[in-house]
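*Asks:* Got a structure here, written out as structure tokens. Questions coming.
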Amino acid sequence: MAKDTPVPNTPDHVAIIMDGNGRWAQAKGRPRLFGHHAGARRVKEIVRACKDLDVKYLTIFAFSTENWKRTQSEVTGLMTLFRQYIKREAKALKAEGVCVRFIGDRLKLDKQLQKLMDELEQLTEDNDVVNLTIAINYGGRDEVARATQLMAQDVADGKLNPADVDEDTLPRYLDTHVLPDPDLVIRTSGEARISNFLLWQSAYAEYEFIDTLWPDFTKDEFNKVISKYGGRNRRFGAVPA
Ligand code: IPE
Ligand code: IPE
Ligand code: MG
């Protein structure tokens, strides 16, 4: 299949709040987990689209620190889906040059899932075509709290002088410390909120709220959002030239 030509001003880092799986399934009279499985299948297409468009970093929100409030059967089903997804996709991700990382507090996940996550990171660590970061048990406030704890420990150990703390210090302790800040944050399903995603990192991101439910979000629609981003004027507080 022909590659899509990269558009001008392609964002370097796109982050996606993949929302609407439950409503997609319910509209079809199916259980919510059916929607989560359909949603997981969409990920592959969007990772490929990033490759074609030369978007170097893709970060996707798979499970938030607040999603534990869902029914036990939905939470268990999602955790099983994450295990299956890693097992099923590991080889292809490696072969396609995707470097996979996970953000979020993984120590609260089951041991088997943690092991699969660690192994996939190791397997793909030398890849550099696309950087796929998957947020599982991730919350922006939780991430800042954990980073602050690490930073405070460095102060207590005499490794960090409080007078030297500036706005470049905290990001070094965040889960995302190796990633650039997102240029564009997309949320599907019509909700216009960020639900605790990448709070610190998105200070100057552009946002795009799309009505489509995540399992229906195609590569073509993604391409349109990326083209639209190319026409935006990011000022970062300065007066436009
Ligand atoms: C997003 O879809 C996936 C997760 C939060 C795990 P939802 O499950 O939130 O779907 P809706 O918003 O209920 O439709
Ligand atoms: C955000 O979606 C989390 C993920 C997409 C994983 P939610 O569906 O959990 O967010 P709220 O509850 O609508 O804010
Ligand atoms: Mg939702």
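The values are calculated or read from the model by the stated rules, or taken from the named source; none is laboratory data. None of the values given here were measured: they were computed from a predicted structure. Don't worry about glycine lacking a Cβ; one is built from the backbone with ideal geometry, like all the others, and counts go over all protein chains shown.
*Asks:* Restricting attention to the range 202-233, which residues are touching a residue at least 12 places away in the same chain (Cβ under 8 Å), more than 20 Å from Ala49 (Cβ to Cβ) and either β-branched (Val, Ile, Thr) or surrounded by fewer than 15 Cβ atoms within 10 Å (Cβ to Cβ) (or both)?
*Replies:* Once the filter is applied, which keeps residues that are touching a residue at least 12 places away in the same chain (Cβ under 8 Å), more than 20 Å from Ala49 (Cβ to Cβ) and either β-branched (Val, Ile, Thr) or surrounded by fewer than 15 Cβ atoms within 10 Å (Cβ to Cβ) (or both), the range 202-233 yields Ala203, Tyr204.
*Asks:* Check Ala38, Ala15, Ala25, Ala49 and return the single one that is farther than 22 Å from Met79 by Cα and at pLDDT 95 or above.
*Replies:* Working: Ala38 fails: farther than 22 Å from Met79 by Cα; Ala15 fails: farther than 22 Å from Met79 by Cα; Ala25 fails: farther than 22 Å from Met79 by Cα.
Residue meeting the stated conditions: Ala49.
*Asks:* Take the range 126-146 and flag every residue that is over 15 Å from Leu58 (Cβ atoms) and either over 17 Å from the mean Cα position of the chain (by Cα) or assigned to a helix (DSSP H, G or I) (or both).
*Replies:* Asp126, Gly140, Arg141, Asp142, Glu143, Val144, Ala145, Arg146
*Asks:* So Gln72 fits all but one of (1) farther than 25 Å from Glu119 by Cβ; (2) crowded, with 17+ Cβ neighbours inside 10 Å; what number is the exception?
*Replies:* (2)
*Asks:* What are the residues in the range 161-217 that are among the β-branched types (Val, Ile, Thr) and within 15 Å of ligand 2 (Cβ to nearest atom), if any? Let's see the steps before the verdict.
*Replies:* Going residue by residue through the range 161-217, those that are among the β-branched types (Val, Ile, Thr) are 165, 169, 176, 178, 185-186, 188, 194, 210, 212.
Hits for the range 161-217 are Val185, Ile186, Thr188, Ile194, Ile210, Thr212.
*Asks:* Given the conditions (1) surrounded by fewer than 16 Cβ atoms within 10 Å (Cβ to Cβ); (2) more than 17 Å from the chain's Cα centre (by Cα); (3) more than 20 Å from Ile210 (Cα to Cα), report the number of the one that Ala90 does not fulfil.
*Replies:* (1)
*Asks:* Pairs needed: first member in the range 185-201, within 11 Å of Asp19 (Cα to Cα); second member anywhere, more than 13 Å from ligand 1 (Cβ to nearest atom) and among the acidic types (Asp, Glu); C-beta distance under 8 Å; at least 6 residues apart or different chains.
*Replies:* Listed by first residue and then by second, the contacts come to Ile186/Glu208; Arg187/Glu208.
*Asks:* So which residues in the range 133-169 are surrounded by 12 or more Cβ atoms within 10 Å (Cβ to Cβ) and on the phi > 0 side of the Ramachandran plot, if there are any at all?
*Replies:* Selection gives Asn137 alone.
*Asks:* Looking at the range 95-132, which of the residues that are touching a residue at least 60 places away in the same chain (Cβ under 8 Å) and surrounded by 17 or more Cβ atoms within 10 Å (Cβ to Cβ) is nearest to Arg146 (Cα to Cα)?
*Replies:* Gly104
*Asks:* With the checklist (1) within 18 Å of Ile210 (Cβ to Cβ); (2) of a type in the set (Gly, Ala, Ser); (3) more than 9 Å from ligand 1 (Cβ to nearest atom); (4) free of Cβ contacts under 8 Å to residues at least 60 places away in the same chain in hand, flag the one item Ser73 doesn't pass.
*Replies:* If we test Ser73 against (1) within 18 Å of Ile210 (Cβ to Cβ); (2) of a type in the set (Gly, Ala, Ser); (3) more than 9 Å from ligand 1 (Cβ to nearest atom); (4) free of Cβ contacts under 8 Å to residues at least 60 places away in the same chain, just (1) comes out false.
*Asks:* Something else: Output the residues belonging to the range 191-201 that are surrounded by fewer than 13 Cβ atoms within 10 Å (Cβ to Cβ) and touching a Lys or Arg at 6+ places or on another chain (Cβ under 9 Å). Break it down stepwise before answering.
*Replies:* From the range 191-201, those surrounded by fewer than 13 Cβ atoms within 10 Å (Cβ to Cβ) are 192-193; that's our starting set.
Matches in the range 191-201: Arg193 only.
Each row is one residue, and each column tells you yes or no for (1) over 24 Å from Glu125 (Cβ atoms); (2) within 16 Å of ligand 3 (Cβ to nearest atom); (3) in contact with a Cys (Cβ under 8 Å, 6 or more places away or on another chain).
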position	(1), (2), (3)
Arg41	yes, no, no
Ile60	no, yes, no
Lys69	yes, yes, no
Gln72	yes, no, no
